[in-house]
Amino acid sequence: MIYDKETWRGWWYWAGTALTVLCSMTVVLAVPATPNAQRGPMSAFTLTPLNATKLDGYLGDKLALCLERRIKAEDVDGLVEPFRHREERNLWHTEFWGKWMLAAVPAYEYSGDKALYEQIRSSSLAMMATQSADGYIGNYPDDGRLKGWDIWGRKYTLLGLMGYYDLSKDPQALQAACRLADLCIKELGPGAEVNIAKTGMHHGMASCSILEPIVRLYRRTREERYLEMARHIIACIEGPDGPQLIKKGLAGVPVGERFPLPEKWWSWYNGQKSYEMMSCYQGMLEMYEELGEERLLRACDLVAKDIIATEINIAGSGASCECWYYGKKWQTEPAMHMQETCVTVTWMKFCQTLLRLTGDVTYAEELEKTTYNAFLASLNPDVSSFSKYCPLEGIRGAGVGQCGMTINCCIANGPRGFFMLPEAAVMSNAGELAVNLYEDLQAQATLKDGLDVALAISGNYPANNRVCIAVTPSAKATWSLLLRIPAWSAVTSVTINGAALDGVNAGSYCRIERAWQVGDVVELVFDFSCRVAELNRCLALQRGPLVLARDARFNDGDIDAAVLVPGDQRLELATTADAATAAGVWQAFTTKLVNDLNAEGPAGGPQQIHFCDYASAGNTWTAASRYRVWLRKGLRVTIGEHLR
């Protein structure tokens, strides 16, 4: 049975119609990309615990490098040091420790690394030792509090303290978080003289994003004052001085035109800041989980769909100068400070949460696209650092240190992205397992009645297009396996124990309900044909989930030259071993394009041109690997193309 996406959106998501399939034989259902809202405040899926999934493929290798060379290598005491000096009035030193914790805590949960745990413990104790008698943890003097990035920094400190509490159950950590939150309530809560939406930067969104840890603190303590504070923050957001994120989200106001461009870009008046805006919406999703207010979920879902439609580029991220700018339609043009890594990682988290809450396969699609392109492109080859900006052409680099330190916001934030992936690769609920990513991995989940199911995925995806999933339940039982069928795969074959299934449709979950038993094997073969995207008289090549790029290291002509696709033929990609000659290149291909529009005779015909995966392009962080995704498309006047 296959249902139109929009039919389901109106019928199932908002009306709450239940679908039950009762059949003793195997049932295959293409589940469209729509949320499962009849669950109310309950989530559609549960994340897989980090200690129950291990990534074995390329992502797993990079994750392991990130753990050793970025997370564990951090001078964590150096991140605590600014808290010992209350001299700041403008900058954001105090975000770095919390961001490190947001990667270090899940990294420990994933790896069980005892040395990392000691880093987490010692730095948390050092942080708590900086707390004032009134509960303040930060680096602003008494007369400078609530200004600049003070509240933003407190947000990350709260998240870090709760992360340590969740690991250690040390009551000191929760008490320290409560004391800091109580100070925020005193200064900014109901009845306070200061409106939180009028503090800090970017129309108050930086300060108001403290909503997320306030809700999380309520979840851990069940103290009503934190829920009241969360409601107060939302009221301030929606007030006349606030960014009105719910109202504008429900009204369909595009994120790129929420406010007029300000005279001063880095100021309270700039309400287009993408990272801070998504951080506030993330807090609203936390609030939805507690209260079940549908308007919060609906606003976030609508906003995310608008971001996909108007801002997210071919590589899965967006923003220029860290702000929304209708970047999807302008992505073929070079832009200032394009695709900040903080934006990329925050977008990944937003998609992961919406996927978990709604079951909408769209967000799994976006998570894959961002992971294999924009996110991996932000790494340097040994994963000891992350780029600050990641354009679709040019040269990448780490960016400058911030706040007088060697670290910057993106180096601090980048590692968080890795540990969203083991949680989201396989999700579950009482009677379903959903496979969202096809990276080589091993995962285990528990379904209803205590049924344990282990999945082992192999195939070296996305280098190869054939994936094998070995299913090992603890007992023979009937439940459903949901396989994400990528929208980019025009034709996908699915077999169970060699028997082919029908009803497999791109852009949906293929739902297989049957009595599963030990030894069952599912195989998928995806369509990895070369796809050519066209926009603004430019073209870009894609293979599977990967965006491809030209790179100067291949030395096969001017990478900025206009090109022509020979005739109207379909491009064919050939895998090449030339990657061995370009250090750090993961996947490399060749195809035939007309690359010199001035050449005559045979020299003017199609030539073998090299491409590599966008994540590898430019990863020397020098001009030696200058790269380009979007290629200018030349005119073919002999067939009247200039008249079209």
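Taken together, the values in this text are just the output of simple stated rules run on the coordinates, not laboratory data. A quick note: this is a predicted structure, and the numbers were derived from the prediction, not measured. Ideal geometry is used to build each Cβ from the backbone, glycine not excepted, and the neighbour counts take in all protein chains shown.
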Ranked from highest to lowest mean number of other Cβ atoms within 10 Å per residue, what is the order of the peptides 530-539, 161-170?
161-170, 530-539
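Just tell me, in residue order, which DSSP H segments of the chain are both 18 angstrom or longer along the helix axis (alpha-carbon based) and at least 1.6 in mean Kyte-Doolittle hydropathy. Spell out each step's value before the answer.
On the way: long enough: 96-111 (22 Å, 0.22); 114-128 (21 Å, 0.03); 150-168 (27 Å, -0.07); 171-188 (25 Å, 0.44); 224-238 (21 Å, 0.09); 274-291 (25 Å, -0.32); 294-310 (24 Å, 0.49); 341-358 (25 Å, 0.73).
Once both thresholds are applied, nothing remains.
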Per residue convex hull volume, Cα atoms of region 358-411, in Å³
106
Which of the GluC sites (Glu not before Pro) across region 204-267 are loop residues per DSSP, with 11 or fewer other Cβ within 10 Å?
Glu263
Enumerate the amide H contacts of Val547 below 5 Å, restricted to partners 5 or more residues apart or on another chain; note that Pro and chain-start residues carry no placed amide H.
Tyr614
Name the residue farthest towards the positive end of the dipole of the chain from the options Trp268, Gln542, Ala434, assuming +1 on Cβ of Lys and Arg, -1 on Cβ of Asp and Glu, about the Cα centre.
Trp268
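Counting only C-alpha contacts under 8 Å and six or more residues apart, can you give the relative contact order of region 491-572 as a whole percent?
22
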Just grab the label-to-label distance for Glu523 and Leu635, each label 7 Å out from Cα along the Cβ direction, in nm (one decimal).
5.1
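Using only DSSP helix segments of four residues or longer, with each worth -39500 (n - 2.57), what per-residue ellipticity at 222 nm results for the chain after dividing by its residue count and rounding to 500?
Computed ellipticity for the chain at 222 nm equals -9500 deg cm²/dmol.
Please work out the Cα convex hull volume for region 74-118 and give it in Å³ per residue. Please report the intermediate quantities before stating the final value.
On the way: hull volume 2.9 nm³, N = 45.
Per-residue hull volume (Cα only) is 63 Å³.
What is the magnitude of the charge dipole of region 245-341 about its Cα centre, with +1 placed on the Cβ of each Lys and Arg, -1 on the Cβ of each Asp and Glu, and no other charges, expressed in debye to the nearest 20? All intermediate terms of the calculation are to be shown ahead of the outcome.
On the way: 10 positive and 14 negative charges, 70 e Å.
Computed about the Cα centre, the dipole is about 340 debye.
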Two-site label geometry, Glu257 and Thr495: point separation in nm, points 7 Å out along Cα→Cβ
5.2
Per 0.36 nm of contour for each residue apart, how much would the distance between Glu118 and Glu238 grow if the chain were fully extended, relative to their Cα-Cα spacing?
39.0 nm
Inter-part gap, Cα centre of region 125-170 to Cα centre of region 611-637, in whole angstrom, is 43
If I take every Cα pair under 8 Å that is 6 or more residues apart in region 329-478, average their sequence separation and divide by the length, what percent do I get for the relative contact order?
16
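Rounded to the nearest 5, what is the percent of antiparallel bridges among the DSSP beta bridges in the chain? The partial results should precede the final answer.
Numbers: 77 of 83 bridges.
Antiparallel bridges: around 95 percent, rounded to the nearest 5.
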Can you compute log10 of I(q)/I(0) for region 533-641 with the Debye formula, treating each Cα as one identical point scatterer, at q = 0.13, 0.18, 0.19, 0.20 Å⁻¹?
-0.46, -0.88, -0.97, -1.07
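Per 0.36 nm of contour for each residue apart, how much would the distance between Ala487 and Arg89 grow if the chain were fully extended, relative to their Cα-Cα spacing? Mind showing how you got there, number by number?
On the way: separation 398, 0.36 × 398 = 143.28 nm, distance 4.82 nm.
Here the answer is 138.5 nm.
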What is the pair-distance distribution P(r) of region 479-531, computed from all Cα-Cα distances in 5 Å bins starting at 0, with each bin given as a whole percent?
4, 19, 30, 24, 13, 6, 2, 1
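Express in nm, to one decimal, how much length is gained between Ala133 and Asn460 on full extension, taking 0.36 nm for each residue of separation and deducting their alpha carbon distance. It would help to have the intermediate numbers written out before the result.
Working: separation 327, 0.36 × 327 = 117.72 nm, distance 5.47 nm.
Going from the current span to full extension adds 112.2 nm.
Can you tell me the relative contact order of the chain? Whole percent, Cα pairs under 8 Å, sequence separation 6 or more. Kindly include the intermediate steps, with their values, before the conclusion.
Working: 1370 pairs, mean separation 89.5, N = 644.
Relative contact order for the chain comes out at 14 percent.
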Hey, if you put +1 on the Cβ of every Lys and Arg and -1 on every Asp and Glu Cβ in region 274-386, which of Trp330, Gln352, Cys342 ends up farthest toward the positive end of that dipole?
Trp330
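Could you give the dipole magnitude of region 384-503 about its Cα centre, charging the beta-carbon of Lys and Arg +1 and that of Asp and Glu -1, in debye to the nearest 20?
On the way: 7 positive and 8 negative charges, 51 e Å.
Its charge dipole is roughly 240 debye.
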With the Cα gyration tensor of region 339-451 in hand, give its eigenvalues times 5 under a square root as the equivalent ellipsoid semi-axes, listed largest first in whole angstrom.
32, 14, 12
Can you give me the C-alpha center-to-center distance between region 56-83 and region 176-241, rounded to a whole angstrom?
31
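In nm², what is the average projected area of the convex hull enclosing the Cα atoms of region 79-201? Working shown, then result.
Numbers: hull surface 29.5 nm².
Average of the hull's projected areas for region 79-201 equals 7.4 nm².
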For region 139-247, Rg(Cα) over 2.2 N^0.38 Å is 1.03
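Quick one: dipole size for region 98-197, taken about the Cα centre, charges +1 on Lys/Arg Cβ and -1 on Asp/Glu Cβ, in debye to the nearest 20.
Numbers: 10 positive and 12 negative charges, 29 e Å.
Value, rounded to 20: 140 debye.
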Under 10 Å from the Cβ of Gly557, count the other residues' Cβ atoms, weight Lys and Arg +1, Asp and Glu -1, and hand me the total.
-3
For the ranges 67-73, 540-546, what's the packing order if you count other beta-carbon atoms within 10 Å of each residue, average per peptide, and put the highest first?
540-546, 67-73
Pop a pseudo-label 7 angstrom from the Cα along the beta-carbon direction at both Lys186 and Asp558 and give the gap in nm to one decimal.
6.7
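Kindly provide the Kirkwood hydrodynamic radius of the chain in Å, to one decimal, from all pairs of distinct alpha carbon atoms.
Working: mean 1/r = 0.0389 Å⁻¹.
Over the chain, the inverse of the mean reciprocal pair distance is 25.7 Å.
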Modelled FRET efficiency - R0 25 Å, Asp382 with Ala577, Cβ distances, 0.05 increments:
0.65
Karplus 3J(HN,Hα) series, Hz, for region 545-551 with 6.51 cos²θ - 1.76 cosθ + 1.60 (x for Gly, Pro)
x, 8, 8, 9, 8, 7, 9
Take the alpha-carbon centre of region 362-379, take the same for region 494-560, and report the distance between them in whole Å.
14
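Let's test the formula: R0 of 41 Å, r as the Cβ-Cβ distance of Lys247 and Lys329. What FRET efficiency results, to the nearest 0.05?
Working: r = 25 Å, r/R0 = 0.62.
Efficiency, rounded to the nearest 0.05: 0.95.
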Region 451-495 residues near the modelled Ala515 label - backbone nitrogen below 19 Å, point 7 Å along Cα→Cβ:
451-453, 471-481
